[in-house]
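The values are calculated or read from the model by the stated rules, or taken from the named source; none is laboratory data. Just so you know, these numbers come straight off a predicted model, no measurement behind them. Because the Cβ atoms are built from the backbone with ideal geometry, glycine has one as well, and the counts that use them run over all protein chains shown. Heads up: the accessible areas ignore ligands, DNA and RNA and are worked out on the full protein's heavy atoms, side chains in. Shrake-Rupley method; radii C 1.70, N 1.55, O 1.52, S 1.80 Å.
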Amino acid sequence: SLRDPEQSFLLFDESIEAEMRESERVHNALRHAVQLDELAMVYQPQQDLRTGSLVGFEALMRWNNHGKNVPPDVFIPLAEKTGLIHGIGNWAMREVLRQSIDWQNQPAIKLKQIAFNVSAQEFSRQDFIESIEVALADYPATPDTIQIELTESLLIDDEQAAIEKLHTLKELGFTVAIDDFGTGYSSFSYLSRFPIDKLKIDRSFITNMANGERDIAIVAAMINVAHRLGIGVIAEGVETLEQRDILLSMECDQIQGFLFGKPMNSVDATLFCVNEGVS
Ligand code: C2E
Ligand code: CA
Ligand code: CA
Ligand code: CA
């Protein structure tokens, strides 16, 4: 029974062991994912709230391991822990640059932004800027349409180094968004200290707006502070018309979520551009 301290200890021990075996298996498979061509980027559309038009996409990684989709919430944290994030993150960055050149070359498609995610581990590496410059030399996309999404947590460590890197990125022409805003430790004071173009309000705050005025007030405050600092705002995880209408009334700039579109492969994303009549 679970009351037997020795037995419950044993159960605990076995489940940890099983978990370790599982993550070792995933780790081994992930090591070969790039060579085996198992990774792909999908693109989730982002909408301008005022005009209703498509502004761009967020690129998200997908891993098809022998026909089975492994969710990023499983393999990204593992990749971060094991250092594999550098290889797959670099692959993702190059793939996004390649795709944006492809879109930039199609006269009918004029996207304002294509965002991709960079983990703290990648960003904090000394050669991060260099790896972007190398990728840009191979895939000379116009950086001003490319947005780098970073989480707040990574800015805490070495603030001065982070600020310098952000300035270099901006000199190269990239824009920078703070991802999952509101879920970290830092919050508002960061916005004035770091050269940031956009704030992405985390989905949890958007979901909580259904609770009523108090939760709506929090989202309104985030939008307000960002705008007063000259920073644009995008709301994540917008699923309902009610959420969209509240955000519109609070003058949120952009939305992303299942309401406007789910993440889709590059062929469907290209079709989405054409259908949404981006011009
Ligand atoms: P994220 O950067 O916050 O990405 C947003 C996540 O919310 C995506 O999950 C997206 O599919 C999901 N989402 C978007 N709209 C809605 C909605 O309306 N409702 C709900 N319930 N979910 C929505 P996904 O693709 O599973 O990615 C999960 C996380 O994995 C990402 O969160 C990001 O932290 C990480 N990730 C994904 N791709 C990459 C990548 O290329 N590099 C790095 N470093 N991390 C990545
Ligand atoms: Ca993101
Ligand atoms: Ca996010
Ligand atoms: Ca997230």
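Worth a mention:
- Surface analysis of region 137-259 yields an accessible area of 47 Å² per residue, using protein heavy atoms and a 1.4 Å probe.
- Surface composition of the chain: carbon and sulfur atoms hold 51% of the protein heavy-atom accessible area at a 1.4 Å probe.
- Using equal-weight Cα scatterers in the Debye expression, the normalised intensity of the chain in log10 at q = 0.17 Å⁻¹ is -1.45.
- Accessible area (Å², per residue) of region 29-81, counting only protein heavy atoms and a probe of 1.4 Å: 48
- Per-residue [θ]222 nm for the chain (sum of -39500 (n - 2.57) over DSSP H runs n ≥ 4, rounded to 500): -15500 deg cm²/dmol
- Where the alpha-carbon atoms of region 39-127 are placed on the principal axes, they occupy 42, 35, 26 Å, in descending order.
- Hz values of 3J(HN,Hα) by residue in region 190-206 - Karplus curve (6.51, -1.76, 1.60), Gly and Pro given as x: 4, 4, 8, 8, 9, x, 10, 9, 8, 10, 9, 6, 4, 3, 4, 5, 5
- A Förster distance of 30 Å, applied to the separation of the beta-carbon atoms of Gln104 and Arg125, puts the FRET efficiency at 0.60.
- Once the Cα-Cα distance is subtracted from the 0.36 nm per residue extended length, the Phe258 to Glu159 segment shows a gain of 32.2 nm.
- Cβ-Cβ distance of Leu271 and Glu24, R₀ of 41 Å, FRET efficiency by 1/(1 + (r/R0)^6): the value works out to about 0.55.
- Listed residues Arg203, Arg62 arranged by accessible area, highest first, probe 1.4 Å: Arg203, Arg62
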